[in-house]
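Worksheet: the structure to be examined is printed underneath.
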Amino acid sequence: MSPVRFFIYQFVLFIALLLLNIYSDPYISKPFSLVDLIAIAITAPIFILLISLIGKLYIRFNTRLRNKVVLSVTAFILAIICLVIVENIWFEIKGEMLIN
């Protein structure tokens, strides 16, 4: 697997993880209620699936661990930057915040 392909896969998976966290966060809070349990029951399998996909990528990408970590950290930072840019554009167009 090429480093560019690994980076793109990591970027997409990190975007998915961050969006899952952003949209499930308002529903999971103290004190736990039925809504919290339903939100956890929905998001936990998705979270586990995404984390396992990231682990499988690490196994398939045959290079040194340092290169994997550098590409993953870069993909994570770029995913955060892209989400912030999209959120700011959305705020300018619609006038409402996506991320609270």
**Request:** Quickly estimate the mean residue ellipticity at 222 nm for the chain, helices only: each DSSP H run with n ≥ 4 gives -39500 (n - 2.57), and the total goes over all residues, rounded to 500.
**Result:** -28000 deg cm²/dmol
**Separation in nanometres of the label points that stand 7 Å from Cα toward Cβ, at Ala44 and Ile80** = 2.8 nm
**Fill in**
Expressed in nanometres to one decimal, the distance between label points 7 Å along Cα→Cβ at Val35 and Val4 is 4.6 nm
**Item:** Percent RCO, i.e. relative contact order, over the chain, from Cα pairs under 8 Å lying at least 6 residues apart
**Value:** 41 percent
**Message:** If you take every residue apart from Phe6 with its C-beta less than 10 Å away from the C-beta of Phe6, what net charge results, scoring Lys and Arg +1 and Asp and Glu -1?
**Reply:** +3
**Prompt:** From the phi of every residue in region 18-28, what ³J(HN,Hα) in whole Hz does the Karplus formula 6.51 cos²θ - 1.76 cosθ + 1.60 yield, where θ is phi - 60° and glycine or proline is x?
**Reply:** 5, 5, 4, 5, 5, 7, 9, 4, x, 8, 10
**Prompt:** How large is ³J(HN,Hα) for each residue in region 43-49, as worked out from phi by the Karplus curve 6.51 cos²θ - 1.76 cosθ + 1.60 (θ = phi - 60°), to whole Hz, x for Gly and Pro?
**Reply:** 7, 4, x, 5, 4, 5, 4
**Item:** Label-zone membership for region 49-76, site Leu20, 7 angstrom Cα→C-beta point, backbone N under 17 Å
**Value:** 49-58, 76
**Percent accessible area from carbon and sulfur atoms, the chain, protein chains only, probe 1.4 Å** = 73 percent
**Request:** Could you pull out the GluC sites (Glu not before Pro) across region 27-100 that fall in loop regions by DSSP (anything but H, G, I, E, B) with no more than 14 other Cβ atoms inside 10 Å?
**Result:** Glu96
**Between region 45-68 and region 1-21, the alpha-carbon center distance in angstrom** = 10 Å
**Fill in**
Log entry: pair-distance distribution for the chain, C-alpha pairs binned every 10 Å from zero, whole % per bin is 14, 36, 30, 17, 3
**Message:** Bins of 5 Å, beginning at zero and ending with the bin holding the largest distance: percent of Cα pairs per bin for region 33-91, please.
**Reply:** 4, 15, 13, 15, 16, 17, 12, 5, 2, 0
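The values are calculated or read from the model by the stated rules, or taken from the named source; none is laboratory data. What you are looking at is a predicted structure, and each value in this text was computed from that prediction instead of being measured. A quick note on method: Cβ atoms are made from the backbone with ideal geometry, for glycine too, and the neighbour counts reach across all protein chains shown. The area values use the complete protein model at the heavy-atom level, side chains included, leaving out ligands, DNA and RNA. Shrake-Rupley method; radii C 1.70, N 1.55, O 1.52, S 1.80 Å.
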